[in-house]
Structure formats: C-alpha cells, structure tokens
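Have a look at the structure below, then the notes.
Read-outs: derived from the displayed coordinates by stated rules, not from any lab. Note that this is a predicted model, so its numbers are computed, not measured. Here the Cβ is made from the backbone with ideal geometry for all residues, glycine too, and neighbour counts use every protein chain on show.
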C-alpha cells in the first residue's frame, strides 16, 4: 500500500490498479463482525464496586462515545440532511453537532454535505439543498430519515429503495423554514427533531465505523504515523484539516470553517479516493450531474489523534456499511467522537498529508 503524502493528481489516477489488488486482499480477509455494545451491571464486592469493561458499556453507534444516560434516545432513528457548501452558503449551521458528515462532489466541481444526526439533534441546520445520486449509498446504511429540498425523481426513488424515509421541502414535509438573514438559494433551514417525527418505525442506525475505547488506542495512534495536517482538493473546492487542541480543525481554501462562530472540528477525518461518473443528467443550470461510486474498493487514509494510517475501503451494495482495513487486513478503529468523510475524486482530486 503506497502512502498518500504529497500526491499529485496524475499519481492519484493510478488508484485503479491498486484498487484491484486491494479487492483481492479484502476478498481473502475474513469479514469482521459488527461491533456490539451492551450494558453490563457492575460487580459488587464487600469493599468496592468494580465498573464494567468500557468495551461493554452502552455507546452511541455513530460516534462510539459512551451513552450511559441516553435511555430511549438510543432507539431513535437517525436523521441525515443535505447541506450546501458554496461560498455564499457559509457559515453553515448545525454541522458541528452531526455524528458523521460526508463531503461529496456535485456539479460545477463544488461540494455538498450529507450530515447525519443521532446522538445530538440540533434545532437548526442548513442551508438545505437537493438530493444527489450517491446519497442513497451514503445515507442508506444509516437508515432513518433523509431531509432535502428538491432533486431529480430518479435520485429520490433510489434513496427510497435504499430504505430511507424521505422528507422534502418541495414535497410538503414539515420542519423546514426560511432564514430571513440569508439570501438567494441559501435561505432554507430545518429542524432535525421535526424531521425525526416522520421516521415512523425506522430502526436505530447500526455502527458505520469501528471505534477504539480511546484516542490513544485508535489504529492511527497505535499503528500509524504522526500527522499534523491533510489537504484535499476537489475541482472547485479545497477543504483541509489541521491537528490542534486535541482535534482536527477544518479550513476552506485556507480560512477557518465555522459553525455558530466556532471553528468546525472533528475527532476523525476519513479520506477516501473514489471514482466519479457522469450520470448523463443536467441540473437546472445545465451543468452535468456527477455521481460518486460508493461500491467496490479504493484507497483510504484515516486521521485520528494527530496520526494517520493508510488503508483500504470496501463496500458491497448501497445499503452495506463501508469497511476500513489496514495493510494487514485488520479493521481500522477510530477515536470515539464525530467523523468527517472526504470523498476525493481519483481524477482531478489531490490528497496531501503532512
């Protein structure tokens, strides 16, 4: 497995050859069992109470963080929301409180987010925009609700077929409102708590990643290399992350990315190289609509606790959870906390870890 340090766009294009080798390696490795967390009563002796093993405590499935007081909230469905990322849409609202955020390429070379909420449900998120073809493969494994505004019928049908409950502003869904302080196409916001009310009997989300018990025990910290930053480029976007104050701090084209006045941070940054295809469709402005292919396999970098580890991602069907494995085929474990996933195109995308 080669390292991604200071890769140029042309070199990233070679990921297809390495991807084939990764498929063979992943195919030979046994599939890891899903993480299961249960509540274990403490053992009481004559002189003290022995706390339960941390690995057996109840944890939030999408962050791996302990959830001793979560109660029935653990049984609620997740809510995923499509959030815009054009310069005019910033600063966004509610991104910091998401358990997992996926950054995807859309038309014009720009990016948008799929932000998933489960352990924490903010009152306000946005600006909210339309659904895209890969959203079914991103939100499908999580299940629950997908909230958005508009989008082509084929993409909505694809998301519904993945088992998602769709809530859209143009479809009459409740929980949306206009923010008078915003302008143009960037005024639509929403309340994930209201979106959740549409979930019906949707199941709580399964874990999307494996988590260590602590940052120091994450795979990057124990088996990776020290890293202070990762810079990525999309055709018309340049997000980057720098390690500091115990977290990865997000930047947009060199400027701090903020939410509520504070810089956005993540416990983990997962960078995946992906193939992009032209759907043949056009948006309202006539621009080609790209689709990120999230089945198969590709190269990955996982950043946790000021370290980075190289690996491979693999995913079967749209509703399958992505698996992250290291060069030896072992499952990569993340730091408990929120995670951002960067879906960087193999062509016309770059990744540099320093």
In whole µm²/s, the translational diffusion coefficient that Stokes-Einstein assigns to the range 280-354, given a Kirkwood hydrodynamic radius over C-alpha pairs, 37 °C and 0.692 mPa s, equals 225
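How much of the calculated P(r) for the range 73-196 lies past 22 Å, in percent of all Cα pairs?
In whole percent, the share of Cα-Cα pairs in the range 73-196 beyond 22 Å is 25.
Report the gain in length on full extension from residue 348 to residue 225: 0.36 nm times residue separation, minus Cα-Cα distance, nm rounded to one decimal. Don't skip to the answer; put the middle values down first.
On the way: separation 123, 0.36 × 123 = 44.28 nm, distance 2.63 nm.
Result for the pair: 41.6 nm of gain on full extension.
Per-residue counts of other Cβ atoms within 10 Å, averaged by peptide: what ranking do you get for 323-333, 107-117, 252-262, highest first? Could the numbers behind the result be given before it?
Working: 323-333: 18.8, 107-117: 21.8, 252-262: 13.3.
Top of the packing list down: 107-117, 323-333, 252-262.
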Can you tell me how much longer the chain between residue 327 and residue 181 gets when fully stretched, taken as 0.36 nm per residue apart minus their C-alpha distance, in nm with one decimal?
47.7 nm
Using a 10 Å cut-off on Cβ atoms, rank the peptides 202-212, 220-230, 126-136 from the highest mean neighbour count down.
126-136, 202-212, 220-230
Centroid-to-centroid separation of the range 61-105 and the range 160-222 [C-alpha atoms, Å]:
6
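Which peptide among 141-147, 100-106, 185-191, 72-78 comes first, and what is the full order, when sorted by highest mean count of other Cβ atoms within 10 Å?
Averaged packing, sorted descending, gives the order 141-147, 100-106, 185-191, 72-78.
Give the order of 243, 248 when sorted by the count of other beta carbons within 10 angstrom, beginning with the fewest.
By the 10 Å Cβ count, ascending: 243, 248.
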Taking the Cα centroid of the range 263-294 and of the range 299-354, what is the distance between the two, rounded to the nearest whole Å?
16
Extension gain (nm, one decimal) between residue 170 and residue 154, 0.36 nm per residue minus Cα-Cα
4.2 nm
